[in-house]
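Here the structure comes first, spelled out in structure tokens, and everything after it is commentary.
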Amino acid sequence: QLLSTNMCYACDLSNADLTQAHLIGADLRQADLTGANLTETNLEGADLSGADLSGANLTNTFLTNASFENADLTNANFTEAKLYFVNVAGATLDNLTITQAEIVGTPISVGGRYED
């Protein structure tokens, strides 16, 4: 469904392999992406508000203008990801891996919770 419609509101994608998927502007609000593999996925402008991405692999993922508002990113791996102007307001950011990530205009840090 996601790959054909670019919409998957509140769907279960836990442990899904979405490697190199083109999900530009995708609606993934409230989706369960725990443990999902999003390596080299293009999520430009995607809405992942309220999604659970705990333990997800976002290595080398492109995230310009994506929204993770109120999302759970606990233990997510953002190694070499491109995070440009990403909304992380209210997101749980505990134990992130951001090794060699490019972070621009995104108030992200390792540990803690971002609040407006």
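Yes or no, residue by residue, for (1) in a loop (DSSP other than H, G, I, E, B); (2) buried (at least 21 other Cβ atoms within 10 Å of the Cβ):
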{"position": "Thr74", "(1), (2)": "yes, no"}
{"position": "Glu80", "(1), (2)": "yes, no"}
{"position": "Leu83", "(1), (2)": "no, yes"}
{"position": "Ala89", "(1), (2)": "yes, no"}
{"position": "Asn95", "(1), (2)": "yes, no"}
{"position": "Gln100", "(1), (2)": "yes, no"}
{"position": "Ile103", "(1), (2)": "no, no"}
{"position": "Pro107", "(1), (2)": "yes, no"}
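Taken over the stretch 2-17, the residue count meeting the criterion of being out of contact with any helix residue (DSSP H, G or I) (no Cβ under 8 Å at 6 or more places or on another chain) and either of a type in the set (A, V, I, L, M, F, W, C) or outside any loop (DSSP other than H, G, I, E, B) (or both) is 9. If you check Gly35, Gly25 for being open to solvent by 30 Å² or more (accessible area, probe 1.4 Å), part of a loop (DSSP other than H, G, I, E, B), modelled with pLDDT of 95 or more and within 21 Å of Leu93 (Cβ to Cβ), only one passes: Gly35. Residues in the stretch 12-45 that are within 19 Å of Thr74 (Cα to Cα), among the hydrophobic types (A, V, I, L, M, F, W, C) and touching an Asp or Glu at 6+ places or on another chain (Cβ under 8 Å): Leu13, Leu28, Ala31, Leu33, Ala36.
Being modelled with pLDDT of 95 or more and either open to solvent by less than 50 Å² (accessible area, probe 1.4 Å) or in a loop (DSSP other than H, G, I, E, B) (or both) is the requirement here; does Glu69 meet it?
Judged against the criteria, Glu69 is a match.
The values are calculated or read from the model by the stated rules, or taken from the named source; none is laboratory data. Since we're looking at a predicted model, the values are computed, not measured. Counting neighbours? That spans all protein chains shown, and the Cβs are built from the backbone with ideal geometry, glycine included. Note: areas computed on protein heavy atoms with side chains; ligands, DNA, RNA excluded. Shrake-Rupley method; radii C 1.70, N 1.55, O 1.52, S 1.80 Å.
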